[in-house]
Each structure stands twice: as structure tokens, then as C-alpha cells.
């Protein structure tokens with residue numbers, strides 16, 4: 001099924017990204033944590049399309065939509081639900097990384113069309129420290145107009161497009177072997193999101 005999905009989804013989703021820079025930074029083998037900003041409801045589709053087209057790998061994407069809790073939908077879309085108990089979410093993501101898979105985070109936890117990125121979730125940092133998997137920053141830039149109405153949002157899901165900029169892996173090894181507390185998670189998150197924001201043409205304010 002995985003091969004069939006890759007064959008089917010790649011041409012269907014690749015067009016959602018008008019361009020992609022830094023494809024050489026996407027690993028073709030081994031685990032990695034992809035961390036991107038979130039500019040629209042089309043983001044997961046565009047990113048999946050890019051990764052599939054370049055590396056023939058299906059990234060697992062953390063998603064808070066309730067529909068993704070359905071086992072069938074989860075299997076077809078390769079998502080990890082954001083459970084009320086976040087430890088369960090991190091455990092599922094860790095298990096995938098240990099199998100050599102790709103896991104994608106959107107730390108903003110919601111669409112942000114502003115030019116600044118503020119306080120974000122620290123799950124990606126926590127997983128990076130625990131797994132020691134490479135962290136790949138990704139900047140997404142809207143091409144489609146920002147939705148203003150419910151109809152616009154529905155249109156965005158189906159037809160929204162973005163530009164994708166993929167950066168070089170971020171070295172967080174300086175924070176390994178330390179006590180994992182809030183200041184440490186904030187420091188790693190700041191390092192990651194500063195790079196993500198720069199690639200997205202935004203400013204990270206934390």
C-alpha cells in the first residue's frame with residue numbers, strides 16, 4: 001500500500017508547491033524531523049508532495065484535526081494525532097523515527113499568515129533531543145491570497161499553493177546530555193524556529 005500511495009499521491013500533491021528550494025537537504029534514507037511554519041491548510045499536502053517527488057518517502061505529519069484519530073484515515077494520510085496526552089503523540093513519533101521514518105511538525109499549531117512567528121510548541125525540540133535525529137528546517141511562503149471567508153478557506157484546502165524552502169540540518173548536539181527542562185526546550189525551539197522563520201521570510205519573536 002505504501003508504494004501505491006507514493007505513486008498516486010506524488011503527482012496529485014506536487015503541484016501545490018509552486019517551487020521548492022534546497023531539495024538536496026532532504027535525506028533520502030534514515031530518520032529526520034521536518035519542522036515547518038504553517039501558512040495555510042494546504043501546507044501538509046504541498047509538503048507531502050515535495051517529499052514524495054524528491055525522495056519517494058511518505059512523511060508522518062502531526063495533526064490536531066479530530067478526523068485523523070480514525071485508524072483508517074490515519075493509515076491513508078500517514079498522520080500522528082495530537083492526543084490529549086501529548087506523551088502518547090511523542091511516543092508514536094519516536095517509534096517512527098526509530099524505524100528510520102520522517103516526522104513533520106508544525107510548531108505554531110495553527111495557521112499564521114502574519115510576518116512574525118511568536119510563541120510555539122516545544123514538541124519538535126523534545127523529540128530532537130530524545131531521538132537525536134537530524135532536524136530539517138522548512139520555510140513555507142504563501143502564493144495564494146490569504147483566505148477571508150469560509151468559502152475562501154475551503155478553496156484554500158483544495159487549491160492553495162505555497163513556495164517551499166528547505167534549509168540545511170540544524171545541529172542541536174550542544175544540548176544533548178542535559179536535563180530536559182523548560183529552559184532547555186525553549187533554547188532548542190528558539191534555535192530551530194529562528195531558522196524556520198528566516199527560510200519563510202519571517203521574523204521569529206518567540
Exercise. Just a yes or no: is a residue in region 13-25 outside any strand (DSSP E or B), farther than 30 Å from residue 148 by Cα, at pLDDT 90 or above and touching a strand residue (DSSP E or B) at 6+ places or on another chain (Cβ under 6 Å)?
Worked result: yes
Exercise. Which of (1) buried (at least 16 other Cβ atoms within 10 Å of the Cβ); (2) over 12 Å from residue 163 (Cα atoms); (3) modelled with pLDDT of 90 or more does residue 39 not meet, given it meets every other one?
Worked result: (2)
Exercise. What are the residues in region 173-200 that are out of contact with any strand residue (DSSP E or B) (no Cβ under 6 Å at 6 or more places or on another chain) and in a loop (DSSP other than H, G, I, E, B), if any?
Worked result: 176, 177, 178, 179, 180, 181
Problem set entry | Exclusive hit being touching a helix residue (DSSP H, G or I) at 6+ places or on another chain (Cβ under 6 Å), within 21 Å of residue 170 (Cα to Cα), modelled with pLDDT of 95 or more and in a loop (DSSP other than H, G, I, E, B), set 125, 133 | 133
Exercise. Would you say residue 87 is modelled with pLDDT under 90, surrounded by fewer than 18 Cβ atoms within 10 Å (Cβ to Cβ) and touching a strand residue (DSSP E or B) at 6+ places or on another chain (Cβ under 8 Å)?
Worked result: no
For this session: Tell me, please, whether a residue that is farther than 19 Å from residue 48 by Cβ, at pLDDT below 95 and buried (at least 18 other Cβ atoms within 10 Å of the Cβ) can be found in region 112-119.
Result: yes
Seminar exercise, completed: residue 170 fails exactly one of (1) under 26 Å from residue 18 (Cβ atoms); (2) surrounded by fewer than 16 Cβ atoms within 10 Å (Cβ to Cβ), namely (2)
For this session: Hey, could you check region 46-70 for residues that are at pLDDT below 80 and assigned to a helix (DSSP H, G or I) and say which is nearest to the chain's Cα centre (by Cα)?
Result: 68
Exercise. Of the conditions (1) surrounded by fewer than 19 Cβ atoms within 10 Å (Cβ to Cβ); (2) part of a loop (DSSP other than H, G, I, E, B); (3) touching a strand residue (DSSP E or B) at 6+ places or on another chain (Cβ under 6 Å), residue 163 fails just one. Which one is it?
Worked result: (2)
Problem set entry | Condition met for residue 97 (under 20 Å from residue 63 (Cα atoms), in contact with a helix residue (DSSP H, G or I) (Cβ under 9 Å, 6 or more places away or on another chain) and crowded, with 18+ Cβ neighbours inside 10 Å) | yes
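The values are calculated or read from the model by the stated rules, or taken from the named source; none is laboratory data. Just so we're clear, the structure is a prediction, and the values are computed from it rather than from any experiment. Note that each Cβ is placed from the backbone with ideal geometry, even for glycine, and that neighbours are counted across all protein chains shown.
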